[in-house]
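Quick notes on the structure that follows.
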Amino acid sequence: MARTKKVTITLPAELLESMKAHTDNVSGYLTELAERAERRRLLREELDRYQGESGAFTDQEMAEARALLHGTGETGRAA
């Protein structure tokens, strides 16, 4: 089990009420959102590092990535 630490945060009342309407575990909800944001940050850093070493992604590479992410299956690669 992950180690935790209790903290105090301040949220707009309307935002807190909206979260409570969707979950009984606001702490878990916020933890999940923070973990997603951290994964995106780390991925952005890795992509920036890769492009710094290998050059910018081509339009074709970007199209293939979008197809994979959005499940279109149209990557433009020959079968």
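Ignoring ligands, DNA and RNA, what accessible area per residue does the chain give at 1.4 Å, in Å²? Intermediate results must be reported in sequence, preceding the final value.
Values: 7360 Å² over 79 residues.
Per-residue accessible area for the chain comes out at 93 Å².
When only the Cβ of Lys, Arg, Asp and Glu is charged (+1, +1, -1, -1), the dipole of the chain relative to its Cα centre reaches about 400 debye.
Prolate is the label for the range 1-43, because a/c, from the alpha-carbon gyration tensor with a ≥ b ≥ c as root eigenvalues, is 1.5 or above and a/b exceeds b/c.
Hydrodynamic estimate: the Kirkwood radius of the chain over Cα pairs, inserted into Stokes-Einstein at 25 °C and 0.890 mPa s, corresponds to D of 149 µm²/s.
If you stretched the chain out fully between ALA67 and ASP48, how much longer would it get, using 0.36 nm times the residue separation minus the C-alpha to C-alpha distance?
Values: separation 19, 0.36 × 19 = 6.84 nm, distance 2.05 nm.
Gain in length upon complete extension: 4.8 nm.
Relative to the longest principal Cα axis of the chain, at what angle does helix 59-70 sit, 0 to 90 degrees, rounded to 10? Approximately 40 degrees, to the nearest ten. For the chain, carbon and sulfur atoms together expose 54% of the accessible surface, with a 1.4 angstrom probe and every protein chain in place.
The values are calculated or read from the model by the stated rules, or taken from the named source; none is laboratory data. Being a predicted model, the structure only gives us computed values, none of them experimental. Glycine gets a Cβ as well: all are built from the backbone with ideal geometry, and neighbour counts include every protein chain shown. Heads up: the accessible areas ignore ligands, DNA and RNA and are worked out on the full protein's heavy atoms, side chains in. Shrake-Rupley method; radii C 1.70, N 1.55, O 1.52, S 1.80 Å.
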